[in-house]
């Protein structure tokens with residue numbers, strides 16, 4: 001069963017090498033839509049598993065990124081690789097906790113056409129305020145976050161609408177979803193300085209709502225959108241501090 005990655009990326013040079021090492025065992029055919037100016041494009045362009053790569057502004061000049069832009073990746077993949085198997089939506093700040101190939105195979109066995117993942121939002125805690133940046137490392141505090149559409153069946157009739165936003169999957173799926181949501185580790189922040197640069201960079205994109213809170217205060221007791229869920233300290237081995245409903 002073939003597994004094809006569809007990636008949208010913007011200015012992830014600080015994490016892109018680690019991310020590509022992370023996904024390399026699972027994905028060998030990846031299509032990329034890039035909106036970077038920090039060296040991310042140049043790095044990805046040298047990776048053998050990247051089979052198609054295009055700069056966003058060559059197709060969508062002066063338009064902000066939106067989910068519908070994935071249509072160019074979807075069309076290229078189906079023209080060149082046909083139908084069957086699964087598409088996986090890849091974002092360099094999201095690391096799979098569960099095996100995405102095993103999850104897709106389970107979805108295939110159950111006859112469903114989509115998998116939604118439980119995203120764990122990682123952030124810096126108020127207890128870390130006085131730690132020097134060179135010692136603080138990546139965030140280890142998280143809140144169980146939102147459900148993210150990240151996998152869907154590769155079949156005829158799929159299409160993203162022009163300007164489609166806040167819906168990561170294309171139209172044409174039958175609506176069946178795997179009952180259990182596997183886990184993603186979502187790292188919108190990776191250092192205090194990177195967080196501020198990233199927040200300012202994204203103020204003019206669809207990520208504005210997600211990042212504006214960084215400028216108001218980097219260290220939190222919980223994710224600002226998920227205050228009712230509290231904060232948990234990740235031990236690096238499991239997410240067993242709570243039950244996922």
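The values are calculated or read from the model by the stated rules, or taken from the named source; none is laboratory data. On a predicted model such as this, the values are computed, not experimentally measured, just so you know. Because the Cβ atoms are built from the backbone with ideal geometry, glycine has one as well, and the counts that use them run over all protein chains shown.
Quick look at the numbers
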item	result
Qualifying residue in region 57-64 (condition: surrounded by fewer than 20 Cβ atoms within 10 Å (Cβ to Cβ), more than 24 Å from residue 166 (Cα to Cα) and in contact (Cβ under 8 Å) with a residue 12 or more places away in the chain)	no
Conditions (1) under 18 Å from residue 189 (Cα atoms); (2) part of a loop (DSSP other than H, G, I, E, B); (3) more than 18 Å from the chain's Cα centre (by Cα): number failed by residue 127	(2)
Lone unmet requirement of (1) surrounded by fewer than 20 Cβ atoms within 10 Å (Cβ to Cβ); (2) farther than 16 Å from residue 176 by Cα; (3) more than 16 Å from the chain's Cα centre (by Cα) for residue 105	(2)
Near pairs, Cβ below 9 angstrom, 6+ apart or cross-chain, from region 168-184 (without any contact (Cβ under 8 Å) to a residue 60 or more places away in the chain) to any residue that is part of a loop (DSSP other than H, G, I, E, B) and exposed (fewer than 14 other Cβ atoms within 10 Å of the Cβ)	171/157; 171/161; 172/156; 172/157; 180/244
Helices (runs of 4 or more DSSP H) contained in region 1-80 and holding at least 1 residues within 14 Å of residue 92 (Cα to Cα) and within 18 Å of the chain's Cα centre (by Cα)	16-23, 40-44
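Conditions (1) exposed (fewer than 12 other Cβ atoms within 10 Å of the Cβ); (2) modelled with pLDDT of 90 or more; (3) assigned to a loop (DSSP other than H, G, I, E, B); (4) within 18 Å of the chain's Cα centre (by Cα), marked per residue:
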site	(1), (2), (3), (4)
116	no, yes, no, yes
131	no, yes, yes, no
149	no, yes, no, yes
167	no, yes, yes, yes
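Per-residue answers, yes or no, for (1) in a loop (DSSP other than H, G, I, E, B); (2) surrounded by fewer than 16 Cβ atoms within 10 Å (Cβ to Cβ); (3) at pLDDT 90 or above:
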{"site": "135", "(1), (2), (3)": "no, yes, yes"}
{"site": "181", "(1), (2), (3)": "yes, no, yes"}
{"site": "189", "(1), (2), (3)": "yes, no, no"}
{"site": "237", "(1), (2), (3)": "yes, yes, no"}
{"site": "241", "(1), (2), (3)": "yes, yes, no"}
